[in-house]
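> The structure under discussion is supplied below as structure tokens; questions concerning it will follow.
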Amino acid sequence: DDDPYDSPIWEDFACLSQIGTAGCGLEQPLEASYVALTAQSQPGQPNEGFLRPDSLLAIVYVTNEDDCSTPNGEMFNPARTDLGPLNLRCAFHEDQLYPIERYHDAFVSLRGGNEDRVVVAAIAGVPLDGTWSLGDPIERLRELRRVDPLNPDELERTCDTMGAEAWPPVRIAELVDSFGDNGILYSICRNSWADSFQPIIQRLQSRLDNCIEGDLELDVDSDSCEVIETLSDGRPCPYPADAAGPSRTSGWHVDRGLDSEGRRRCEI
């Protein structure tokens, strides 16, 4: 929040989550996140350095439709009438889509095989009437994929409110469910997402090795409190302060040396 050239993360997220629904109607959010975190995070690629080796990986999907991640480009070819209407293909040709295990296994592998270091959340087309909730059999959500009798080129909506209109998020729900207690799913059709984000924040907080006690909104007397971050190895503190003491830039790190296990200690 102190860098004038780098907007706070909440402003970035607000921008990303309000881009609208006028893009491609065959969304591939699972493959997009997969590519962003694997191929695009390699050395020399745009996301290099995003994944720190000792971090908690949190993925949040915001979508009013289901995922259509596929290796088959013909799924998007309007001339392929044998595949049916474009808006129904992803729902009724699941055999043409990447398996959910592709994403679960890839995300876990990014955290060294530790599933507890991955949290996957989604704000998607979950019905508001209780027809289906996370923890119910996925097959019951799949049964809500019904062709709209008034528009045979589309599915019936699971919810339609002032907040959004949405369709059954079967694949999104499958991925979230595969992470057990580390999976969170709420409806995009709520008029306010505030009640959705609070549980997401609390789940993230609970997975941070209990290094934060109490609420995230803390009122701390900085004159009587020291916060020491211990890195996973002996690498230098990432943002070294130009000078120790009260005049240093707020939020930067001061090298406090190595602990008994050779890990760098950085004062925040």
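The values are calculated or read from the model by the stated rules, or taken from the named source; none is laboratory data. Everything numeric here is computed off the predicted structure, so don't read it as measured data. Counting neighbours? That spans all protein chains shown, and the Cβs are built from the backbone with ideal geometry, glycine included. The accessibility values were calculated without ligands, DNA or RNA, using every heavy atom of the protein model including side chains. Shrake-Rupley method; radii C 1.70, N 1.55, O 1.52, S 1.80 Å.
> Could you sort 52, 235, 207, 157 by their accessible area in this structure, using a 1.4 Å probe and putting the largest first?
These residues rank, largest area first, as 52, 157, 235, 207.
> How large is the dipole of the chain about the Cα centre if only Lys and Arg carry +1 and Asp and Glu carry -1, each at its Cβ, rounded to the nearest 20 debye?
Its charge dipole is roughly 580 debye.
> Considering only DSSP beta bridges where both residues belong to the chain, give the percentage that are antiparallel (nearest 5).
45 percent
> Give the carbon-plus-sulfur fraction of the accessible surface of the range 143-190 in %, rounded to a whole number; probe 1.4 Å, heavy atoms of protein chains only.
Answer for the range 143-190 is 45 percent, counting heavy atoms of protein chains only.
> Based on the mean of other beta carbon atoms within 10 Å per residue, what is the order of 128-136, 76-84, 22-30, most packed first?
Top to bottom by mean Cβ count within 10 Å: 22-30, 128-136, 76-84.
> Mind checking the range 1-52 for chymotrypsin sites (Phe, Trp or Tyr not before Pro) that DSSP puts in a loop (not H, G, I, E or B) and that have at most 16 other Cβ atoms within 10 Å?
5, 50
> Shifting gears a bit: Accessible area per residue for the chain in Å², computed with a 1.4 Å probe and the full protein assembly in place, what is it?
Normalised by residue count, the accessible surface of the chain is 59 Å².
> For residue 193, what accessible surface area do you get with a 1.4 Å probe? Give it in Å², rounded to 10.
Residue 193 has an accessible surface of roughly 60 Å² with all protein chains in place.
> In nanometres, what is the gap between the two model label sites at residue 229 and residue 92, each 7 Å from Cα along Cα-to-Cβ?
Taking the simple label geometry, residue 229 and residue 92 are separated by 5.2 nm.
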